[in-house]
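These notes are about the structure you will find just below.
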Amino acid sequence: MTWFNIQNIRKFVMLWLIICFTGSINLFAQARPDTNELHHFRLLAFGTYIEVMISGGSKKRAHQARNLVSQKFKAMHHQWHSTHDSAVSRLNRLLPSNTWVALPPVVRELLIRSKEISILSQHKFNPAIGKLVNIWGFNNALKPRSKPPLASTIDTHTRQQARMSDVQIQGGRIRSTNPAVQLDFGAIAKGYAIDQVVRLLQKQGFKNLIINAGGDLKAIGRRPGRAWRIAVRDPSKQSRVIAGIKIINEEAVFTSGDYERYFIHKGTRYHHIIDPATGYPAQHTRSVTIIHKNATLADAAATALFIAGPKNWADTAKKMGIRYVMLIDNKGIIHLSRAMQNRIQLLGKKRQRTQVRELNSQHSR
Ligand code: AMP
Ligand code: MG
């Protein structure tokens, strides 16, 4: 999971861009119990600023929502972090023992869902590679790396082939048949958390809102008078907006990009999305944006399709039941699924460098 660092300041700037893009909001207007009111608040969790906008209802209701959202996000971040003392890191210490151990209830559903999605992605999304993620050090804000780990270290870890299919769950117990398995939910936790929080707010009667965690977001309903509109950043210049997307009813939009956490060594960019097959940061892709009703799946799929790359993304998308995809490759070519092409509004000259693929899958939503 991300930590608060310089990258997050960039994200924060971008967030404001996104908010501006969603319309001219007078944030400083006096709140009235007006159904057209747009309430806005911000908190820090999952190493990023989380922006919430609620359309309609009273200021008091928005305040209740704020408390709920804040509590829920902070608790989840605390439970799932893999590098600090958390339910996940305690579990990671027990997993190499190859014996059945207690599965903390706060991790259970996230783990089961991660396992299902990992298998669908053919292990491209693979939260069992926590060891590899650790040696690359992108999640360690206190000790950032400036050069890659030794090739022999990477090879040793990669050959151990840690996978979610090595993890067995039986009632309240868990064990790993592969001692190399270490869990890292950095590629899915934010999406899962957003789904949880949106569901909670829906249960409380909120119908029109958006939760935006550093550009990854889920929206339901509408903003006053019109649909929510989302901006997608340009991976080659994050302060620039590359495309706009209009949200329909309930949708999440998630992007994985090579600009989020990286270092440059001898002219090569090493970033935080690791191809489990090679042990190195996935090549050929700059960013992947996914739209899906389910934020958990959108988050994991953005990571998986990033690894699949410009040649294989369509196949992985079909296997994962994903219909809306935009992948920008390292040559600047924009690969779109047909459904995404019909949804996305590309800005500037970007339209000229697109390749569109039909994704005919019965399972795609
Ligand atoms: P995202 O930005 O959602 O693509 O997630 C990237 C984060 O997920 C990284 O910082 C790692 O913590 C973790 N990660 C990196 N590579 C993978 C992978 N292949 N499968 C699952 N998680 C990964
Ligand atoms: Mg992800």
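Within region 266-293, restricting attention to residues that are more than 10 Å from ligand 1 (Cβ to nearest atom) and of a type in the set (D, E, K, R), the residue that is farthest from I245 (Cα to Cα) is K266.
Pairing each residue of region 216-232 that is within 21 Å of G47 (Cα to Cα) and within 16 Å of ligand 1 (Cβ to nearest atom) with any residue that is among the small types (G, A, S) and assigned to a strand (DSSP E or B), provided the two are 6+ apart or on different chains, yields C-beta distances under 8 Å for D216/A252; L217/A252; K218/A252; V232/A243; V232/G244.
No other residue among I322, I333, I307 is in contact with a Pro (Cβ under 9 Å, 6 or more places away or on another chain) and within 16 Å of ligand 1 (Cβ to nearest atom) apart from I307. Among residues of region 87-141 being of a type in the set (K, R) and touching a residue at least 24 places away in the same chain (Cβ under 8 Å), the one that is surrounded by the fewest Cβ atoms within 10 Å (Cβ to Cβ) is R108. Sort out which residues of region 222-280 are away from ligand 2 (no atom under 14 Å from the Cβ), among the hydrophobic types (A, V, I, L, M, F, W, C) and farther than 30 Å from F206 by Cα, and write them in order of number. Scanning region 222-280 gives I242, F263, I264, A277.
Being part of a loop (DSSP other than H, G, I, E, B) and within 16 Å of ligand 1 (Cβ to nearest atom) is the filter here; which residues of region 166-186 pass it? Hits for region 166-186 are N178, A180, V181, L183, D184, F185, G186.
Against the condition within 15 Å of ligand 1 (Cβ to nearest atom), in a loop (DSSP other than H, G, I, E, B) and at pLDDT below 95, how does F138 come out, does it pass? Judged against the criteria, F138 is a match. Using the structure shown, decide if R229 is surrounded by fewer than 18 Cβ atoms within 10 Å (Cβ to Cβ), under 26 Å from L327 (Cβ atoms) and either at pLDDT below 95 or not polar (S, T, N, Q) (or both). When the stated conditions are applied, R229 passes them. Scan A162, A189 and give me the residue that is touching a strand residue (DSSP E or B) at 6+ places or on another chain (Cβ under 6 Å), within 11 Å of ligand 1 (Cβ to nearest atom) and either at pLDDT 95 or above or not acidic (D, E) (or both). The match here is A162. Evaluate the following for I194: is it touching a strand residue (DSSP E or B) at 6+ places or on another chain (Cβ under 8 Å), modelled with pLDDT of 95 or more, within 13 Å of ligand 1 (Cβ to nearest atom) and within 29 Å of K74 (Cα to Cα)? In short, yes.
Of the residues contained in region 239-247, none is found to be touching a residue at least 24 places away in the same chain (Cβ under 8 Å), buried (at least 16 other Cβ atoms within 10 Å of the Cβ) and polar (S, T, N, Q).
Does any residue of region 296-305 turn out to be modelled with pLDDT of 95 or more, within 13 Å of ligand 2 (Cβ to nearest atom) and assigned to a loop (DSSP other than H, G, I, E, B)? The answer is no; no qualifying residue exists.
The values are calculated or read from the model by the stated rules, or taken from the named source; none is laboratory data. None of the values given here were measured: they were computed from a predicted structure. In this analysis, Cβ positions are derived from the backbone assuming ideal geometry, glycine residues included, and neighbour counts consider all displayed protein chains.
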